[in-house]
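Working notes, structure below.
The values are calculated or read from the model by the stated rules, or taken from the named source; none is laboratory data. Treat the numbers as computed from the prediction; the structure is a model and nothing was measured. Here the Cβ positions follow ideal geometry from the backbone for every residue, glycine too, while neighbour counts run over all protein chains shown.
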Amino acid sequence: MQKTIVSRATPAPGGELPPHLHPILSRIYASRGVQSVAELDLGLKSLLPVELMDGAEQAAQLIFQVMQKQQRILVIGDFDCDGATSTALCLLALRAMGAGQVDYLVPNRFEYGYGLTPEIVELAAQSAPDLIITVDNGVSSVDGVAAANALGIKVIVTDHHLPGPVLPEAAVMVNPNLPDNRFPAKSTAGVGVIFYVLLALRSLLRQQGWFETRAEPNMGDYLDLLALGTVADVVPLEHNNRILVHQGLARIRSGRCRPGITALLEVAGRNQQRLQAADLGFAVAPRLNAAGRLEDMSIGIECLLAEDQDVARELAANLDQINHERRRIENDMRQQAEELLEHVLMKEENLAWGICLYDDSWHQGVVGILASRIKDRYHRPVVAFAPGEHGEIKGSARSISGVHIRDVLDEVAATSPGLLQRFGGHAMAAGLTLEAHRLDEFRGLFDNVVYKQLGGKDLAAVIESDGEIPIRDMNLDLARLVAQGGPWGQEFPEPVFHGEFEVIQQRQLQDKHWKLVVQPRDGDRLVDAIGFNLVSVCPPPLPHRLLMAYQLDINEFRGNISLQLRIAHMEAA
């Protein structure tokens, strides 16, 4: 896939950033839409108030009634990292607030499906709950909520996924993406939604004098879970989310976090004191997600709930093993998918606008990652399918900028009623189910709708750069400023710079990574650079001069700390 480096657009100034900011950092913030000092305030006092999250106070009232009667609460979560952190947060906070009977259920995704299905309600009913609280799911669970209502079980739905045309008849629904919800931060993850409900509950309990005879929990104790779930779900890091992630990262770095998070960082070999948001996304989240993809997410939840560090380490080691197996399966599936694309489609210009892949040997739990990898390579929306239980196939979709994947599926469903048995998701990711014999019909419609959404735009991958760095500023101080200037993530991306460099030394690592020593154009100093998985893109020998897009990195080796450029793209200058 050919890539083009373009300078990131910087909006016209509409506010005022602090004058003491480094000019490069000011440029970075401006290009991400930050125009005032207030948007850089990541203190907890700047969080959006609970009152704006419609439904949170009603949910708190219902939970309080159940707590007063010491009735049974059952938390039903999703099977990804956002769902696991949401479940753990809900259980820990409710127990700390004095809820007498609270437990959780995250059934096997392959047996019971996604969300609060009637089958899950039937299973949940065996423990006779008085109240079900869904976390990170439920907005599309019309039948499941109806089944719970029929059994006399009240349901509070807390979710952040986009709603369908029909909403479940839950006792209370809390979702910032409901049409009438006033909460401005629409990108709040599932863990953030339940956090706001719990904030409302604590406020209500305080008003009722509940804590006069018991300890009042500090909700800041759960910010580590909030940071992990928010980063893992790849939601846009608008201001409110940046506050939650920043505060959670600070707690984790200082060691004030769940033993399970510490254990997962240890098994991933990450430095807890220098933790960045990317470490949560690329090291911790995949190990938790692997449990939900291949086995049972309760392993991940138990790791997050663990109070003993040794127990947490044992569970983290188990999760690490599952993740190794997930990677092995994923690599096999990716190789099959790329061979299919190479042999059947042959040339990139013959690729569909929307790629649709299926193999009856693929694993349901890994098709989402496969779709993401193929999307990254070919820079177009991808749906990867695996066989289901009863003749249907289940797909995971991943998208690119400019294509709202759930809207695509919505239009496909409207064009051919009954084609999609169920679907749901976000702008960038979605899940769907259809009958296997209708795959070709879906493939054609998917390609047509993607083409229409793109409007014939060029599909060449673009690397947006924050410009060139003057030689005087290419140093550790700027690297530290950039690292501290985040948190960086979805729609608030880690800064990427570009420039021309002379290649002084070149060495391959494991036959797939480049380790370089380069000299900036018109400069006289040498800088280390590393390019992961770039040998296949730029085979040896490298040209004498390179145009590189890169991120600033701080390399620590044997006690020595130095600047390192982490190469995102390189080509002959």
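A few notes on this one:
- Residues located in segment 198-238, provided they are among the β-branched types (Val, Ile, Thr) and within 21 Å of the chain's Cα centre (by Cα): 230, 231, 234, 235
A quick yes/no check of all residues on (1) surrounded by fewer than 23 Cβ atoms within 10 Å (Cβ to Cβ); (2) of a type in the set (Ser, Thr, Tyr):
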position: 245; (1), (2): no, no
position: 248; (1), (2): no, no
position: 251; (1), (2): yes, no
position: 257; (1), (2): no, no
position: 298; (1), (2): yes, yes
position: 302; (1), (2): yes, no
position: 305; (1), (2): yes, no
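- Annotation: residue 449 fulfils all but one of (1) in contact with an Asp or Glu (Cβ under 8 Å, 6 or more places away or on another chain); (2) within 19 Å of residue 568 (Cα to Cα); the unmet one is (2).
- Among (1) buried (at least 18 other Cβ atoms within 10 Å of the Cβ); (2) in contact with a His (Cβ under 7 Å, 6 or more places away or on another chain), the one test that residue 468 misses: (1)
- Residue match in segment 551-570 (condition: hydroxyl-bearing (Ser, Thr, Tyr) and either buried (at least 20 other Cβ atoms within 10 Å of the Cβ) or in a loop (DSSP other than H, G, I, E, B) (or both)): no
- Residue match in segment 408-420 (condition: within 27 Å of residue 461 (Cβ to Cβ), in contact with a strand residue (DSSP E or B) (Cβ under 6 Å, 6 or more places away or on another chain), modelled with pLDDT under 90 and surrounded by 20 or more Cβ atoms within 10 Å (Cβ to Cβ)): no
- Any hit, segment 275-284, residues being within 15 Å of residue 83 (Cβ to Cβ) and surrounded by 16 or more Cβ atoms within 10 Å (Cβ to Cβ): yes
- Selected residue [within 28 Å of residue 536 (Cβ to Cβ), buried (at least 20 other Cβ atoms within 10 Å of the Cβ) and acidic (Asp, Glu)] from 342, 330, 325, 338: 330
- Of all residues in segment 30-46, those that are within 22 Å of residue 220 (Cβ to Cβ) and outside the structural domain of residue 219 (by TED's automatic domain parsing) have Cβ atoms under 8 Å from Cβ atoms of residues that are surrounded by fewer than 12 Cβ atoms within 10 Å (Cβ to Cβ) and modelled with pLDDT of 90 or more, 6 or more apart or on another chain, in 46/38.
- Scanning segment 134-171 for residues that are aliphatic (A, V, I, L, M), within 24 Å of residue 404 (Cα to Cα) and crowded, with 24+ Cβ neighbours inside 10 Å yields 135, 139.
- The lone exception for residue 531 - which of (1) at pLDDT 95 or above; (2) more than 27 Å from the chain's Cα centre (by Cα); (3) crowded, with 17+ Cβ neighbours inside 10 Å it fails: (2)
- When residue 99 is tested against the conditions (1) in a helix (DSSP H, G or I); (2) closer than 14 Å to residue 75 by Cα; (3) among the small types (Gly, Ala, Ser), the lone failure is (1).
- Segment 217-243 - residue that is in contact with a helix residue (DSSP H, G or I) (Cβ under 7 Å, 6 or more places away or on another chain) and charged (D, E, K, R) and, of those, surrounded by the most Cβ atoms within 10 Å (Cβ to Cβ): 233
- Search result, residues across segment 143-199 that are assigned to a helix (DSSP H, G or I) and closer than 11 Å to residue 54 by Cα: 193, 196, 197
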